[in-house]
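Report on the structure given below.
The values are calculated or read from the model by the stated rules, or taken from the named source; none is laboratory data. Predicted model only: the values in this text are computed from it and were never measured. Glycine gets a Cβ as well: all are built from the backbone with ideal geometry, and neighbour counts include every protein chain shown.
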Amino acid sequence: MKKIFKVIVQFYLKWLTKIVLLRHKPFVIAVAGTTNKTFVKESILDELGRDTNVRGNPKSFNTEIGLPLAVLFLPSGFDSIFRWVDVLLTGTCISIFSRKFPKILVLEMGVDRPGDMKYLLSLVRPKIAIVTNVDRNFPELEIALDDIAKEFAVLAKAIPVDGTLILNGDDVRTRNLASIANSKTIIFGKDKSCDAVISNIKENDAGQSFAFDYKMQKKFFEIERPGRHNINSLVIAKIVADELEQTDVRRNESKA
Amino acid sequence: MKDENRISPIKEIEILSSRIPGVVSLAQGIPSFDTPLCVKKRAIEAIEDGRVARYSLAPGILELREAIEYSLAKRNIFYDFEKEIIVTAGSIEAITASLLTILEPGDEVLVPDPTYTSYQSAIKTARGIPVFVPLEEENSWDFDIEEFKKRVTSKTKAILYCNPNNPTGTVFSQEQLMQLAELAQMYNLYILADEVYKDFIYSNKDFFSLAQFSALRKRFIYIFSFSKSYAMTGWRVAYLAADKELAEKILGVHDSLVTCAPVVSQWGALAALEMADGVVIKYKEIFRQRRDFLCEELDKLSDWFEYQDPSSAYFVFPKMTDKLITAFEKYENKKSNNKNDLKDYQKNSISWRFAIELLNSAKVALVPGIAFGKKGEGHLRFCFGRRKENIEKAMRRIGKFIDSIK
C-alpha cells in the first residue's frame, strides 16, 4: 500500500515539477558526485547571494522525491499520508499559479542506483553541472567505481552545447567525463594542466589558505574550514559565478 | 587478570533490578522514547537495499561523515569529514580508542568528580590512572581551575570531561572551559570533551564547546553520541572529531577494536542528522517537564534530599541529608543481616547501601552517587529520561520507604 502511495506521490510530484519549470524556466545548476554536494551547493549559494532569485535544495533533498520537493520548495510529508496530501495540494498551487519563482536553482542530484540520474534528468535540465568526485562507502573491490562513474556520465552527456560541465581534475574518473561531454568543460584541480589550478595549499589551526589560478588571474584565499573538499567548494563557486556572468541570467535578474 | 575494572555500577544496579519483579528504574540514562520513525525507516531501507551487509570504510560511511561535518560547521566547529571524523560504536568506544591512542601505561587523566562512571574504566582499560578533580556542589557543581592545576604532574596526559556533566547536569561556562584550554596548552595535555547531552540544555545560556577554539585543535578530541539526542542508545553509534594527525592514529585503534561502527546504525544516524531535528526539540521539551515534575516531587522530600537544579541532561543528583543518613543507619542496625549480601565496596558506601536497600524494599532502582566519584558519595542519581508515570511511581515508593525508616 505504502509503495503504491509512494509511486503516486513520485509521479504527481514529477509532473508538478515539470509544469513549474516549464512556466518559469529557471537556470538550473546541478551538483553531483559521491560526496561534497552539500558544501558545493552552499558555497555557490553564498557566492551568488542568498536572495529570492536564487534557491538551493533545503537540507539534502536530492533524490527522486527530494528533488521535486526542492524545486517546488516544499517540505517532506515524511510518514503521514495527510501531510503528503497537504504537500501535493500546496505543490499544485505553486506549480500552476505561482507568479514568483527563483531565476536560478542550485540542485544537488543524488544517485543511489543505476537509472537514478536518468530519472532526475527527466525532471530538470541543468545548464551547468558539477561533478565533485567518484567514491564509495565500502572497501571491497567488487563495488566498481566505474559503475558509479557511469551515472555521472549520464549527467555529463546531458549538458547542452551552450552549457558548462565543471569537473574535479584530481579525480581520474571524474576528469575522464570531459571526453564524453558535448558542452564546454572546465576542469579544476592541483594539476597544472587543469583550466583552474589550485596551488600553495597551507594548513594551520585556523583553517587553510591557497592560491587559485583561473583565466590568467591568480587569487589567494583563506578559509576557516579544513579539508580539500572545502577548497574545491569555494573554487567551484567562483567558477560558477564567473560562468553566470557570461550568461543573460544574472543580467536579467538585476533588471528584474 | 586485572581486578580493577568491573562493570559500571549503573549497569550493576540495572542487572540487580532485572531480577526483582515490579521494579521501577530511574537508574540507567536511557530516554523513554523509541527511536524516531525516520531513523528506523532509513535503516530498514538500507537493509533492504543490501547496504548494511558489508563493513563500511573504517571511519564510517561518507554521507554520514559529511553530514556530521555539516552539522558541526553550523556551530562553528570545523573538521574535515574525510580525515578528521570517525564514526564509532558509541561514545565509549570513541573515548576508549582515543585514550588507547594517547596514553602510555601509568599516564594520568584528570576527570571531574563526580562525572560519568564509565570514564574511570575506559581510562583503566587504556592502562591509565584516573585522577579525580572535585567539583563544587555549593557552586552548582562547577569546577575550580586551581583544583585541576594542583593535580597536574609529569604523568598527566589528558583531561576528560562531559559537558553538560553527567550526573550533575552542570553546563561548564566558556570562561571555565577556556581556563582548561589554557591549562592544556601550558602542560601539553590533551582534552577529550564528551558532549552527549548538549541538546538538552534547559537554561538560556549559550553553549560553548572548546571545539570552537581552533588554537586547541591539535590537542582536542570532540565526542558526540546519537544515543541520547535521538533515542538511539541501542544502536551504538557516535562519532569523534580530531585534528587529522591525531585522528589517523585513533583510526588505527578504532579499526582494531571494532573495524567499523555498525553499518545499519550509521544509516540511521544519517537520517537522524538530516531529518530528526524537530524530534530532538520535542524530546527536550518533554524532558524539561519531567525535570520540573521530579524536582517538585523532591521538594516534597526536602527534609531528606537536597539538590542543585540541573540545567541540562536528564538527571537530578540529590544529596542525602544528615537526617536521612541517620534514619537509614538506625534502620540498618535494626535489620541485622542486611549487609551480609553486599560486596565489600558496597558495604563501605552509604549511597550503595541505600540504593540497594531501596531496590530490595521499595523496588526503585537509582544509581548510588559513589559510582561517579568520591564527591558523589552521599548522593543518588535520578534519571528523568524515563516515563513520567514511572517517575511518579518511583517517587511515591521512595516517599513510603522513607516513612518506613524515619
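Laid out as a table, the results:
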{"read-out": "Those residues of region B:166-202 which are outside any helix (DSSP H, G or I) and either among the aromatic types (Phe, Trp, Tyr) or under 17 Å from B:ILE123 (Cβ atoms) (or both), in sequence order", "value": "B:ASN166, B:PHE172, B:LEU189, B:TYR190, B:ILE191, B:LEU192, B:ALA193, B:ASP194, B:TYR197, B:PHE200, B:TYR202"}
{"read-out": "Test set (1) crowded, with 21+ Cβ neighbours inside 10 Å; (2) modelled with pLDDT under 95 - B:SER173 fails condition number", "value": "(1)"}
{"read-out": "Qualifying residue in region A:121-132 (condition: assigned to a loop (DSSP other than H, G, I, E, B), within 14 Å of chain B (Cβ to nearest Cβ) and at pLDDT 95 or above)", "value": "yes"}
{"read-out": "Filter result (buried (at least 23 other Cβ atoms within 10 Å of the Cβ) and either within 13 Å of chain A (Cβ to nearest Cβ) or of a type in the set (A, V, I, L, M, F, W, C) (or both)) within region B:194-209", "value": "B:VAL196, B:PHE200"}
{"read-out": "Answer from B:ALA313, B:ALA231, B:ALA238, B:ALA276 - the residue that is more than 20 Å from B:GLU82 (Cα to Cα) and touching a Gly at 6+ places or on another chain (Cβ under 6 Å)", "value": "B:ALA313"}
{"read-out": "Every residue from region A:72-89 that is assigned to a loop (DSSP other than H, G, I, E, B) and either within 14 Å of another protein chain (Cβ to nearest Cβ) or aromatic (Phe, Trp, Tyr) (or both)", "value": "A:PHE73, A:PRO75, A:SER76, A:GLY77, A:PHE78, A:ASP79, A:SER80"}
{"read-out": "All positions within region B:53-83 that are in contact (Cβ under 8 Å) with a residue 24 or more places away in the chain and more than 21 Å from B:SER265 (Cβ to Cβ)", "value": "B:ARG75, B:ASN76, B:ILE77, B:PHE78, B:ASP80, B:LYS83"}
{"read-out": "First in region B:125-152 and within 23 Å of B:LYS319 (Cβ to Cβ), second anywhere and in a strand (DSSP E or B) and among the basic types (Lys, Arg), Cβ under 9 Å, 6 or more apart", "value": "B:GLU137/B:LYS319"}
{"read-out": "The one condition in (1) over 17 Å from A:MET117 (Cβ atoms); (2) over 13 Å from the mean Cα position of the chain (by Cα); (3) more than 14 Å from chain B (Cβ to nearest Cβ) that A:LEU69 fails to fulfil", "value": "(3)"}
{"read-out": "Those residues of region B:216-241 which are aliphatic (A, V, I, L, M) and either within 24 Å of B:GLY169 (Cβ to Cβ) or part of a loop (DSSP other than H, G, I, E, B) (or both), in sequence order", "value": "B:ILE221, B:ILE223, B:ALA231, B:MET232, B:VAL237, B:ALA238, B:LEU240"}
{"read-out": "Region B:77-95: number of residues that are farther than 16 Å from B:VAL263 by Cα and either over 21 Å from the mean Cα position of the chain (by Cα) or within 14 Å of chain A (Cβ to nearest Cβ) (or both)", "value": "8"}
{"read-out": "Test: residue in region A:18-35 that is part of a strand (DSSP E or B), of a type in the set (Phe, Trp, Tyr) and away from every other protein chain (no Cβ under 14 Å)", "value": "yes"}
{"read-out": "Only listed residue being surrounded by 15 or more Cβ atoms within 10 Å (Cβ to Cβ), assigned to a loop (DSSP other than H, G, I, E, B), within 17 Å of the chain's Cα centre (by Cα) and among the β-branched types (Val, Ile, Thr), chosen from A:VAL106, A:VAL111", "value": "A:VAL111"}
{"read-out": "Region A:120-130: number of residues that are surrounded by fewer than 17 Cβ atoms within 10 Å (Cβ to Cβ) and more than 17 Å from A:VAL54 (Cα to Cα)", "value": "1"}
{"read-out": "Residue satisfying condition, being in contact with a helix residue (DSSP H, G or I) (Cβ under 7 Å, 6 or more places away or on another chain), more than 26 Å from B:SER351 (Cβ to Cβ) and touching a residue at least 40 places away in the same chain (Cβ under 8 Å), within set B:LEU183, B:LEU100, B:LEU110", "value": "B:LEU100"}
{"read-out": "Selection within region B:211-258 - free of Cβ contacts under 8 Å to residues at least 60 places away in the same chain and within 13 Å of another protein chain (Cβ to nearest Cβ)", "value": "B:PHE213, B:ALA215, B:LEU216, B:ARG217, B:LYS218, B:ARG219, B:PHE220, B:GLU245"}
{"read-out": "Filter result (away from chain B (no Cβ under 14 Å) and either touching a Ser or Thr at 6+ places or on another chain (Cβ under 8 Å) or surrounded by fewer than 19 Cβ atoms within 10 Å (Cβ to Cβ) (or both)) within region A:189-201", "value": "A:LYS190, A:ASP191, A:LYS192, A:SER193, A:ASP195, A:SER199, A:ASN200"}
{"read-out": "Restricting region B:40-59 to residues that are more than 9 Å from chain A (Cβ to nearest Cβ) and not in a helix (DSSP H, G or I), the residue that is surrounded by the most Cβ atoms within 10 Å (Cβ to Cβ)", "value": "B:PRO59"}
{"read-out": "Residue match in region B:15-34 (condition: within 14 Å of chain A (Cβ to nearest Cβ) and not in a helix (DSSP H, G or I))", "value": "yes"}
{"read-out": "Among residues of region A:198-223, those that are modelled with pLDDT under 95 and among the acidic types (Asp, Glu), counted", "value": "2"}
{"read-out": "Tabulated pairs, region A:39-52, first part of a loop (DSSP other than H, G, I, E, B), second surrounded by 13 or more Cβ atoms within 10 Å (Cβ to Cβ), C-beta under 8 angstrom, 6+ apart or interchain", "value": "A:THR52/A:PRO102"}
{"read-out": "Condition check for B:ALA158: under 17 Å from B:ILE223 (Cα atoms) and part of a helix (DSSP H, G or I)", "value": "no"}
{"read-out": "Residue within region B:97-116 that is touching a His at 6+ places or on another chain (Cβ under 7 Å), surrounded by 22 or more Cβ atoms within 10 Å (Cβ to Cβ) and in a helix (DSSP H, G or I) present", "value": "yes"}
{"read-out": "Members of region A:207-252 found to be more than 14 Å from chain B (Cβ to nearest Cβ), exposed (fewer than 14 other Cβ atoms within 10 Å of the Cβ) and of a type in the set (Asp, Glu), listed by number", "value": "A:GLU245, A:ASP248"}
{"read-out": "Residue identified as more than 30 Å from B:HIS379 (Cβ to Cβ) and in contact with a Pro (Cβ under 9 Å, 6 or more places away or on another chain) among B:VAL258, B:VAL237", "value": "B:VAL237"}
{"read-out": "From the options A:ASN168, A:ASN204, residue that is within 14 Å of chain B (Cβ to nearest Cβ) and surrounded by 19 or more Cβ atoms within 10 Å (Cβ to Cβ)", "value": "A:ASN168"}
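Rundown of residues vs (1) more than 20 Å from A:ASP112 (Cα to Cα); (2) touching a Cys at 6+ places or on another chain (Cβ under 7 Å); (3) surrounded by fewer than 19 Cβ atoms within 10 Å (Cβ to Cβ), yes/no style:
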site	(1), (2), (3)
A:LYS6	no, no, yes
A:TYR12	yes, no, yes
A:TRP15	yes, no, yes
A:LYS18	yes, no, yes
A:HIS24	yes, no, yes
A:PHE27	yes, no, no
A:ALA32	no, no, no
A:THR38	no, no, no
